Amino acid sequence: MEKRRPTAWMREEYEKLVAADLDWKLRVLQGPSAPRSIVDGRSVIMLCSNNYLNLSNHARIKDAAKRAVDTHGAGSGSVRPIAGNMNLHEELERRIARFKRREAALFYVSGFAGNAGLIPQLVGEGDAIFTDELNHGSIIDGVRLTKAFRFIYRHNDAADLERALKEADPKFTKLLIVSDGVFSMDGDIAPVDQIAKLGEEYGAMVFIDDAHGEGVLGDGGRGVASHFHVEEKIHVELGTFSKALGVVGGYVAGSNDLRNYALNKSRTWLLSGSHPPAVTAACIAAIDVLETEPWHVERLWENTRYYKKELVSLGFDVGNSATPITPVMCGEASVAKRLSERLFDLGVFALPIVFPMVARDKARIRTIMNAGLSREDLDEALNAFERAGKAVGLLK
Amino acid sequence: MARIGFLVNPVAGLGGRVGLKGTDGVADEAVRRGATPVAPAKAAEMLRALAAKPQARLLTWLTCSGPMGEDALNAAGLGHDVVYRCQPPTTEEDTRKACRAFLGRGVDLIVFVGGDGTARDIASIVGSVVPIVGVPSGVKMHSAVFGLHPESVAAILADFVGGHTATVDAEILDLDEDKYREGEWVVRLYATAKTLHEPTLIQTGKLMFEAATEEDARDGIAEYLLEEMDQAPDTLYLLGPGGTLHRVKQRFGAGGTLLGIDAAKGKTLVAADLDEAAILRLLDAHPVAKLVLSPIGAQGFILGRGNLELSPAVLRRIGLRNVVVVATPDKLRHTPDLRVDTGDLELDREFAQKEYLFVVQGYREMKVHPIRG
Ligand SMILES: Cc1ncc(COP(=O)(O)O)c(C=O)c1O
């Protein structure tokens, strides 16, 4: 018998991805993620980071990280339940709760770990989950880890959600509705007010993943629940420090009961080392900044309004977005790819999103506005869009 | 380079314009009634759309002489090898022989221009060996192998070259044409074949998550149904035809059918390939029964296509609320509405009044889906 080659399949699988042009081609940032970054050796205007408020470069946040290394060291030494629970972690959770105007919060290694670790603990045998068909992959993975029945409702369609709730209601013990707050591909906002209302009506738990709404929507960037004034009806608000807050790390905010239960049950929390002091202190400082410097969120929205208006007056279609996520619709994949390449030549970094990530005729460039871009930067980017758009035939 | 077997059925679609509801066995009559061919124009349309794409250069074409493919490829300026010579007027036998020639040359895919009759002839030879894709050009197109338009077939081919398509099972359905000309509408499920599937959906790719494969989804559905049967050991489960439910039937060991209606109880097969009378007899013996169906063919029919044994009498006995619909997420995405054609207008109306049905699309996974009569 031929000897088994235990890992030969890896290269074969990889080569298949390459042949289908589905492999990730990684670009390299040489230096910080900033409104102007060095990417693959070129200085470009950054239009595809999630660093909405440019907090990753904020002096107070960087200083806090440096100081924490001196006072608490480079690492935490353990998982939280054993010996890795530092006063910094506890302080951060109090600060998150205060910022979110909730009783309590629990800090996870990432937003992904929050979804994958908590969802399967909220429901199980005899229960039902209601999940938007376009929810983020980390929610899908969390849902897959449960024995609960899954009802998948049409994207942002509260009527469809209600049909599912109605059908399921008498048959199950606990009901859980899960939705992204802001959907990261199109920048559209979930009907969280209607979801909250349905949750109330049917006695369902409501879980909103607000990764792209934190620091962007609501009062002072408090997120989508604040945007709709329904905080008290959302039982679990999941957020992340990896996007607008400029650091990394996930959290859930809600009641004391939620925190007490979640920390005793979430395997991704119990079994994974806690965040290092630098990260934890930087997250605290990011909340400080949001609470005391309201202009970052204001600038983000000013930039978003200007940028979208100008793109539209140039003749681009920016889709249904209601947030700083701004798709520039291109139609065919080849147009989106060429537009992205031309933009890069002109000093603008914005990646194409093509089939099979979005429908075949909905290829686009997905751009994300940033509070740190100046009016000059925006005009330069818009000018590049105009030239590139004409070069690829998208504009007359 | 991908090798495509390309076949045009020059008489496909001839019957429609002159009121013959199909062309199988009556092409001469159609021509006598003044029918003009449709297939060549559809073939030209598809090839023109394809030739404009850069991927066209990565295809090699094997075809049949004259009107069965050669003429269309010549007109589109695409190089090819003729591997089968026909003598017009062509018949089903030419289609079958051409397919044998394609298989002999190891084609990766067969693209044909025709309707359900042509699909059936091809499937009878190639089975599940190579996938087939149809450019719609017949009078009847119930089978799940047709692109929506000639241009969409060109787009699927371009994706195929790029490795962006998946191969999935597809039902081959056809009207029983003799019965139809006598005024009776009987669509049979004749076979399943393989076809290419373009996952046109949204956000399944690398950024979000890997969608589960068709096979995984079927396994999940099977798992779920078996669990249900386990929990209701006295309930009779009638399982309809098609590939999705075949997966469940295979779990019972040998004896389950792909194209027929089988019955199971407590996770064992109790009868296979039932006709209406046999179903009614089983229902006499079982006060509680569930009927599990999956949409068959291109138009999303759960009743009335390929399962005529499920007569109005059977459906009334089982009761609408005991009908369970299953479909993989991919299949559901390509099925805008579920449809029924029970042969009983009142029953059709009762289904349509529900407006939505819950479809099982994986293990304990449901989706609300619209239904119409
Ligand atoms: C909607 C959504 N949820 C969760 C996450 C995961 O967050 P994290 O980066 O903290 O793991 C992301 C993005 O990464 C996201 O877009």
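To the nearest 10 degrees, how steeply does helix B:39-51 sit against the main Cα axis of chain B, on a 0 to 90 scale? It is inclined by approximately 80 degrees. Please list the equivalent ellipsoid semi-axes of chain B, computed as the square roots of five times the alpha-carbon gyration tensor eigenvalues, in descending order and whole angstrom. They are 37, 24, 18 Å, listed from largest to smallest.
Taking amide H positions as modeled 1.01 Å from N, with prolines and chain starts lacking one, the residues under 5 Å from B:Leu173 and 5 or more places away or on another chain are B:Ser143, B:Ala144, B:Tyr190. Bridge orientation summary for chain A: considering DSSP beta bridges with both residues in this region, about 55 percent are antiparallel.
For segment B:284-357 versus segment A:1-63, the spacing of their alpha-carbon centroids is 48 Å. Each Lys and Arg adds +1 at its Cβ and each Asp and Glu adds -1 at its Cβ; summed about the Cα centre, segment A:1-89 shows a dipole of about 240 debye.
State the percent of C-alpha pairs, over all pairs in segment B:2-197, separated by a distance greater than 31 angstrom. Summing the P(r) of segment B:2-197 above 31 Å gives 11 percent of all pairs. Between amide H atoms placed 1.01 Å from N, distances below 5 Å from B:Ala271 occur with B:Ala263, all of them 5 or more places distant or on a separate chain. Taking the Cβ-Cβ separation of B:Ala285 and A:Glu200 as r and a Förster radius of 45 Å, what is the calculated FRET efficiency to the nearest 0.05? E between B:Ala285 and A:Glu200, to the nearest 0.05, is 0.45.
Distance from the alpha carbon centroid of segment B:128-169 to that of segment A:89-151 works out to 41 angstrom. Taking the Cα atoms of the protein assembly as shown, the ratio Rg/Rh between the radius of gyration and the Kirkwood radius comes to 1.01. With the simple spin-label model, which puts each label point 7 Å out from Cα in the Cβ direction, the A:Glu341 to A:Arg98 separation comes to 5.3 nm.
With θ taken as phi - 60° and the Karplus curve 6.51 cos²θ - 1.76 cosθ + 1.60 applied, the whole-hertz 3J(HN,Hα) list for segment A:369-375 is 6, 9, 5, x, 7, 7, 4 Hz, x standing for glycine and proline.
Send over the per residue convex hull volume for segment A:59-292, Cα only, as a whole number of Å³. Before the final figure, lay out each step's value.
Details: hull volume 24.5 nm³, N = 234.
Expressed per residue, the convex hull around the Cα atoms of segment A:59-292 is 105 Å³.
With a Förster radius of 45 Å applied to the beta-carbon distance between A:Val69 and A:Glu376, the computed FRET efficiency rounds to 0.80.
Residues in segment A:189-197 carry Karplus couplings, in order, of 9, 5, x, 5, 5, 5, 4, 5, 5 Hz; the curve used is 6.51 cos²θ - 1.76 cosθ + 1.60 with θ = phi - 60°, and Gly or Pro positions show x. Bridges between two residues of segment A:59-292, per DSSP, are antiparallel at a rate of about 40%. Remark on B:Leu357: its backbone amide H falls under 5 Å from those of B:His369, B:Ile371, a criterion applied only to residues 5 or more positions apart or on other chains, H modelled at 1.01 Å from N.
Note down the magnitude of the dipole of segment A:59-292 about its Cα centre, charges +1 on Lys and Arg C-beta and -1 on Asp and Glu C-beta and zero elsewhere, to the nearest 20 debye. Mind showing how you got there, number by number?
Numbers: 26 positive and 32 negative charges, 161 e Å.
So the dipole magnitude of segment A:59-292 works out to roughly 780 debye.
In debye to the nearest 20, how big a dipole does chain B give about its Cα centre with +1 on each Lys and Arg Cβ and -1 on each Asp and Glu Cβ?
Its charge dipole is roughly 500 debye.
What angle, in degrees between 0 and 90 and rounded to the nearest 10, separates the Cα long axis of helix B:345-354 from the longest principal axis of the Cα atoms of chain B? The helix B:345-354 is inclined about 80 degrees to chain B.
Note on A:Glu12 and A:Ala391: with the Förster distance fixed at 56 Å, the Cβ-Cβ geometry gives a FRET efficiency of about 0.90.
Where in segment B:220-264 is the amide nitrogen less than 17 Å from a point lying 7 Å along the Cα-to-Cβ axis of B:Asp273? In segment B:220-264, the label zone of B:Asp273 (backbone N under 17 Å from the point 7 Å along Cα→Cβ) covers B:239-243, B:246, B:249-250, B:253-264.
Counting, for every residue in B:358-368, the Cβ atoms of other protein chains within 10 Å of its Cβ and taking the mean gives 6. Highest GNM mean-square fluctuation among A:Glu232, A:Glu293, A:Glu15, for chain A modelled with Cα contacts below 10 Å: A:Glu15. In order along segment B:265-282, phi translates into HN-Hα couplings of 8, x, 6, 10, 6, 10, 6, 10, 6, 7, 9, 4, 4, 5, 5, 4, 4, 4 Hz, rounded to whole numbers, per the Karplus curve 6.51 cos²θ - 1.76 cosθ + 1.60 with θ = phi - 60° and x for Gly and Pro.
The numbers here are math on the coordinates, done by the rules we state, and not lab data. All figures in this text were calculated on a predicted structure; none of them were measured in a lab. Counting neighbours? That spans all protein chains shown, and the Cβs are built from the backbone with ideal geometry, glycine included.
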